[in-house]
Amino acid sequence: MTEAVTEQETVVEEPEAAPPAGPSLHQPKRWLIAAGEVVAIVLLAWLAVWCWNRGVVKLSYPIDGHDLTSTRYHGNWLGTAVGSVTLAVILALDAVRQVVLAVRTRPQKAADSGM
C-alpha cells in the first residue's frame, strides 16, 4: 500500500495592528515636574550646607597663653552632605531634560501645519 502525498496548505496570518502610540514627548506637565525638581534642588542644597556645617567642628584649647585649635570631622554629616549634593546634581540634569522636552518638541499636528 502506498500513501498518497498531499500538499499542506500554508496559512499566513495577518500581522496584528500596532498598538496605539503612547503619549508624545511634548507634554506641558513637564514644566511642573521641572519646577518641582528645582524646588527639591534648592532644599537639597540647603540640606547639604547645613549638614556640612554640622560635620566640621572647630575646637579651641587655651594652653600656656596660646590657643590650640583643632578641627574634628564627623563622617556621618559629611557623607549626608555629599549624598544630598549628588542627588541635587542628578535632579538638575533631569530638570534640564524635562525643560528641553517641554520646549523643543512640538505636537505632530503643529509641526505639519507649519506653526
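Numerical summary
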read-out: Candidates Glu37, Glu3, Glu13 - the one that is in a loop (DSSP other than H, G, I, E, B) and modelled with pLDDT of 75 or more; value: Glu13
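Let's see how each residue does on (1) modelled with pLDDT of 95 or more; (2) exposed (fewer than 15 other Cβ atoms within 10 Å of the Cβ):
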site	(1), (2)
Val42	yes, yes
Leu68	no, yes
Gly75	yes, yes
Val85	yes, no
Gln108	no, yes
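The values are calculated or read from the model by the stated rules, or taken from the named source; none is laboratory data. The structure displayed is predicted, hence computed values, not measured ones. For neighbour counting, all protein chains shown are included, and Cβ atoms are generated from backbone atoms with ideal geometry for every residue, glycine included.
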